[in-house]
Amino acid sequence: MSLLSRSTGYLFLVAYVLSVVSGGSGIALACCAIGQAALLVVAHRRRGRHWPALIAMALLTYLPIPFFGSAAVDLDSLLAAAVLLMHGQRLRWFGFGVITLASGPAHYGLHAAGEAYLHAYVATAAVGLVLYSLLRLPDLVDQLGSTREELTEVIRTEERLRVARDLRSGLGEQLDAVAERLQRVRGELAESPDLACRTADDVADRTRTIVAMMRRTASAQRDLDTPAPDRAPVARSAPRLTLAALVASMLAITVNQVLEVPQHQAVNAVGGLVLSALLLAQVIRPRFAVPLLWTQLVLTLIPLVWLGPAWCSWLILLAVAALLRERAPWALAAVGLFALRAAFTEPTGALDDRTSWVLLALQATLALFGLSRFHQLSVQLNRSRTELASRTAQLERLRLARDIHDLLGLTLSVLALKCDLIGELITRDPRRAESEIDQAIRIAADARFEALALTDDRAALSLRHEFDSARTILATAIATVSIDYDDDLPERADVVLAPVVREAVTNVLRHSTATRVEINCRSRNRQVELDIHNDGVREPATSNGSGQGLRNMRARVLDAGGSFTTSTGDGEFRLAAALPC
């Protein structure tokens with residue numbers, strides 16, 4: 001955000017106070033205006049309900065009325081803006097309305113004409129709202145930027161909760177049923193081996209169904225493209241309100257110009273609408289701002305040759321368009337437009353009149369520029385929040401899909417293998433079958449915990465734990481298992497490489513007829529090197545080298561700044577990963 005955008009509110013306040021000071025109302029009223037401006041700056045810089053400052057501003061607004069009458073009406077606007085800045089959401093608009101409605105009777109008495117009341121209401125409300133909006137512009141931008149991390153965390157939490165509901169509703173009941181049937185197999189083991197075999201086969205089929213369901217869940221997570229909403233937007237209504245205020249301001253300028261120049265009413269009406277539309281288009285569609293600005297430049301400057309002073313008020317809109325470019329050459333061009341407008345002003349012999357015009361034109365320019373930038377920045381930042389929410393949701397969905405596939409997939413695959421083994425051991429080795437049943441029940445309980453840990457960040461990944469689990473799991477199906485690792489592996493390696501070990505073990509069990517598996521993990525030269533080697537490869541390299549599991553592993557390691565390679569040849573498969581730590 002540029003310095004001009006951040007200081008627009010203060011510049012408008014200075015121009016407004018200067019217009020009061022130069023209006024010939026006297027030193028006392030000028031001091032009241034300067035005092036109010038200083039208190040308003042304090043209210044803006046130090047947020048909160050500053051009752052002493054608010055009371056002081058009220059005194060500076062209403063005490064001069066018995067002495068200066070309607071000349072003090074302009075100070076109501078500063079008090080109205082201060083109320084909007086100081087109070088909470090519920091009271092500030094009520095206080096703003098009270099001050100606006102009180103401005104008419106306070107300055108013109110109880111029996112004044114309706115036009116006088118209307119003038120006081122419009123002046124107080126319009127200037128107060130514009131000043132409040134311009135002062136709030138940098139705060140809104142900072143607030144929108146500071147909530148990006150909060151938005152990211154909210155979206156991640158929502159995605160985790162959604163997946164947690166899906167896992168608990170589908171997986172929890174299925175695993176409970178598996179555990180219950182395994183208990184039944186244990187009870188039937190001695191009394192009816194044939195019935196126990198049939199129950200064990202049913203448990204194995206059910207477990208494979210769970211594995212397939214988990215893989216579908218992981219795939220659905222990757223393919224889900226539903227946008228994530230920004231449920232707590234900071235400024236959802238701000239773009240619409242500022243756009244409405246901008247349109248109303250330009251229409252007011254057009255109406256005022258038409259009424260002040262009766263000899264060219266039709267030309268000014270059409271010209272004001274066209275030039276206002278061009279400026280509005282630049283605000284709404286910034287990417288077309290350059291050609292629209294040159295069009296506005298031509299339509300503003302050429303008629304000056306014939307219409308002169310009757311047309312020069314539209315230089316204000318052109319100055320606003322130049323300032324929106326927020327570059328030094330265009331800012332100098334805006335200053336030149338002010339000088340050009342002054343050159344077309346008919347001399348009246350009164351320096352105060354020309355000074356008054358300059359201050360009013362400066363206020364109008366700053367107000368239109370501030371509202372335009374307010375709209376553009378609020379739209380831009382709300383859009384960036386929406387894009388951030390969608391991007392965060394997609395990344396979280398991919399992470400959850402990867403973790404479901406890598407972490408939970410192995411546990412469920414091992415459970416399925418255990419159930420198959422139980423069915424084979426019931427008639428051959430009932431004692432070992434009973435031991436395998438106990439292990440299968442524990443694995444089912446572990447699967448429920450892992451499903452919960454995936455979505456609430458309680459998963460404590462550990463390479464040592466994965467190596468011990470791999471040794472236990474592989475020993476039941478493979479003749480030769482060699483696992484060797486350093487004891488002082490860094491914590492970062494646990495987070496990145498533990499899922500790699502788990503997925504690699506799953507692939508050995510699912511995609512090979514291995515008789516030998518070797519796993520080595522060493523810390524050398526400030527990096528951790530993991531090497532996994534097995535024989536018995538029974539599928540082409542595409543199965544082992546480019547499956548979803550290996551793609552997930554590669555993504556984990558590469559995202560952490562490491563290297564990842566796989567190779568297949570002579571019926572053997574090798575995986576090598578290196579992670580800098």
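The values are calculated or read from the model by the stated rules, or taken from the named source; none is laboratory data. Being a predicted model, the structure only gives us computed values, none of them experimental. Neighbour counts run over all protein chains shown; Cβ positions are idealised from the backbone, glycine included. Remember, those area values only see protein heavy atoms, side chains included, never the ligands or the DNA or RNA. Shrake-Rupley method; radii C 1.70, N 1.55, O 1.52, S 1.80 Å.
Annotations
- Remark: pairs (first residue in the range 199-222, over 14 Å from Gly409 (Cβ atoms) and open to solvent by 10 Å² or more (accessible area, probe 1.4 Å); second residue modelled with pLDDT of 80 or more and part of a helix (DSSP H, G or I); Cβ separation under 7 Å; 6+ apart in sequence or on different chains) = Thr199/Arg181; Thr199/Arg184; Thr199/Val185; Thr199/Glu188; Asp201/Gly423; Asp202/Arg181; Arg206/Ala177; Arg206/Val178.
- Pairs meeting the criteria (first residue in the range 254-272 and under 16 Å from Trp306 (Cα atoms), second residue small (Gly, Ala, Ser), beta carbons under 8 Å, at least 6 apart or on different chains) are Val261/Ala310; Gln263/Ala310; His264/Ala310; Val267/Ala310; Asn268/Ala310.
- Meets criteria (buried (at least 22 other Cβ atoms within 10 Å of the Cβ), touching a Leu at 6+ places or on another chain (Cβ under 9 Å), assigned to a helix (DSSP H, G or I) and modelled with pLDDT of 85 or more) for Val528: no
- Val500 being of a type in the set (A, V, I, L, M) and surrounded by fewer than 21 Cβ atoms within 10 Å (Cβ to Cβ): no
- Leading residue by the ranking (surrounded by the fewest Cβ atoms within 10 Å (Cβ to Cβ)) among those in the range 273-299 that are touching a helix residue (DSSP H, G or I) at 6+ places or on another chain (Cβ under 8 Å) and over 18 Å from Phe369 (Cβ atoms): Phe288
- Some residue of the range 479-494 being modelled with pLDDT under 85, assigned to a helix (DSSP H, G or I) and either among the small types (Gly, Ala, Ser) or over 39 Å from the mean Cα position of the chain (by Cα) (or both): no
- From Leu259, Leu243, Leu273, Leu279, residue being closer than 21 Å to Ala333 by Cα and either part of a helix (DSSP H, G or I) or not small (Gly, Ala, Ser) (or both): Leu279
- Residues of the range 311-365 satisfying the condition of being closer than 14 Å to Thr300 by Cβ, at pLDDT below 75 and aromatic (Phe, Trp, Tyr): Phe338, Phe344
- Search result, residues across the range 242-287 that are of a type in the set (D, E, K, R) and under 31 Å from the mean Cα position of the chain (by Cα): Arg285, Arg287
- So Pro490, is it closer than 21 Å to Ser523 by Cα and open to solvent by less than 30 Å² (accessible area, probe 1.4 Å): no
- Looking across Thr427, Thr411, one residue alone is assigned to a helix (DSSP H, G or I), surrounded by fewer than 18 Cβ atoms within 10 Å (Cβ to Cβ), at pLDDT below 85 and not aliphatic (A, V, I, L, M). It is Thr427.
- Qualifying positions in the range 311-323 - in a helix (DSSP H, G or I) and open to solvent by 10 Å² or more (accessible area, probe 1.4 Å): Ser313, Ile316, Leu323
- Selection within the range 179-197: residues that are farther than 11 Å from Ile422 by Cα and of a type in the set (Lys, Arg). The member of this set that is most open to solvent (accessible area, probe 1.4 Å) is Arg184.
- If you filter the range 505-525 down to residues that are open to solvent by 20 Å² or more (accessible area, probe 1.4 Å) and of a type in the set (Val, Ile, Thr), you find that the one that is modelled with the highest pLDDT is Thr515.
- Filtering the range 495-511 to residues that are within 15 Å of Thr566 (Cα to Cα) and of a type in the set (Gly, Ala, Ser) leaves only Ala504.
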